[in-house]
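Q: What follows is a single structure, and I will ask about it in a moment.
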Amino acid sequence: MILLDQRVSDLVRGYDRVSQADLRLQTEWRQHLLQHYASRRDKHASAFSEYVEKIRVLNPQLSTIAFVPLAMLIGGLVVTIVGVLLNVYWGTELTWGIGGVSLLIAGAIGIGLPIILWLWQVKLAKPPPPVHPLQEDLWSRLTPQWRAKLHGKLPVAILQRGNAGIYSFVKHLETLPVDSMYVLYTLQRKDGEDGEVVVAGARGVWAFAVKDWSGRVSWRDGEWLHEQFDPRRDAWVRVEEPPPDQEWQRIASQVSNTLVTRVPDLVKQIPAIAQIRGGVVFTNPKAIYEVPSSCPARWGETDSWDREISSAPIVQGLDDRAVFSLLDALLEQQREINGDAATVSMSVYATKIIRQAETRLSGWMEN
């Protein structure tokens, strides 16, 4: 599951731009690149033919040039060996040995020159074949790069603001292997209410009222009780809290109204997206939960929603563009609640990476 960077905006426009650019890469740019590649292949074939003819003429010449220094090298080796033997057995002077070494050095230098010439003309001058453009890094799809920009990071400062429940629940959701879903969070809405988490994507829209209640949480006779143990009284003392299921109902209603108001055409086309799923999430692992199975409220601990979210069916008609329409609407709502003003336009970012890709492709064709 993907934690959405809540600064992003213009998701639909950005997605449209980057999708159209990817389509152009697969059609117009692909055709141009393959045409340039074919032209480079023709030039390489011509250059390689010239190279082969050049080597055919050069090899006999190099063989002739190398004959004399090779003979000097062999002769120097023979003279050196003979000189050493004469000096060992008959005590002759070192003239023979010195002469042989001189021939060896002259032959080595002489044979090195045609070898260098051969490496220069045969190995280094060989024209390399052009690389196919589809095998280079320049041919990478833009949509995955654009999507990567959507990933957000949960600030640790949330813990300092007393939102440990939001932090732990969102961090848990990030571990779920459901890439088609995005997570948004809202911090404390008003006194007495904790934050909310909204999950939206191909499996619909989910809202969660997050409660980090410690102590004992119970449901009796249609009423939620939050109690803390008072050691001075040696008794459980009730903590006055708004009913969490009613709070979830308010959150779900607000999310549904947001979608109906801001993306009415999409809701008419796919009514299921306005049917908000989810419930109450209790995140404190040390709390005691005494909630009977007869409780009608939808509630659970942090990991109790994993299976339900992961196994939820894909909503028919809710494709990528529709999902980004939902996220645009929900992000506007989140920014209004959280009071965030700074945004990162995904449309501007799409334009940026498209220009970079086109510059890279144009540069390849010009080289």
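We did not get these values from a lab; they are worked out from the coordinates using the rules stated. Since this is a predicted model, take the numbers as computed values, not measurements. Here Cβ is always computed from backbone atoms with ideal geometry, including for glycine, and neighbour counts include all displayed protein chains.
Q: Please list 3J(HN,Hα) in residue order for segment 145-155, calculated via the Karplus relation 6.51 cos²θ - 1.76 cosθ + 1.60 where θ = phi - 60°; whole Hz, with x for glycine and proline.
A: Each residue of segment 145-155 in turn: 5, 5, 4, 4, 5, 6, 5, x, 9, 6, x Hz.
Q: Pull out the extension gain between residue 24 and residue 262, defined as 0.36 nm times the separation in residues minus the alpha carbon to alpha carbon distance; nm, one decimal.
A: Going from the current span to full extension adds 82.6 nm.
Q: Turning to a different aspect of this structure: Mind checking which lysines have their C-alpha under 25 Å from residue 171, skipping anything on the same chain fewer than 8 residues away?
A: Cross-link targets: 149, 153, 190, 211, 286.
Q: When only DSSP loop residues count, what trypsin sites (Lys or Arg not before Pro) in segment 214-301 have their Cβ near at most 12 other Cβ atoms within 10 Å?
A: Qualifying residues, ordered by number: 232, 233, 286.
Q: Just to check I understand the Karplus step: with θ = phi - 60° and J = 6.51 cos²θ - 1.76 cosθ + 1.60, what whole-Hz values come out for segment 232-249, glycine and proline as x?
A: Here the 3J(HN,Hα) series is 5, 8, 6, 7, 7, 10, 6, 10, 6, 9, x, x, x, 5, 5, 4, 4, 4 Hz.
Q: Also, I was wondering about something else. For residue 284, list long-range residues whose amide hydrogen, built 1.01 Å from N in the peptide plane, is under 5 Å from its own amide hydrogen.
A: Placed amide hydrogens put 213 under 5 Å from residue 284.
Q: Can you list the residues, at least 5 places off or on another chain, whose amide H is less than 5 Å from the amide H of residue 299, using H built in the peptide plane?
A: When sequence neighbours closer than 5 places are left aside, the close amide H contacts are 280.
Q: List the residues whose amide H sits under 5 Å from the amide H of residue 3, counting only those 5 or more places along or on another chain, with H placed 1.01 Å from N in the peptide plane.
A: Those qualifying (amide H under 5 Å, at least 5 residues apart or on another chain) are 152, 183.
Q: With viscosity set to 0.890 mPa s at 25 °C, what whole-number translational diffusion coefficient in µm²/s follows for segment 275-367 from Stokes-Einstein and a Kirkwood radius over Cα pairs?
A: Once the numbers are plugged in, D ends up at 133 µm²/s.
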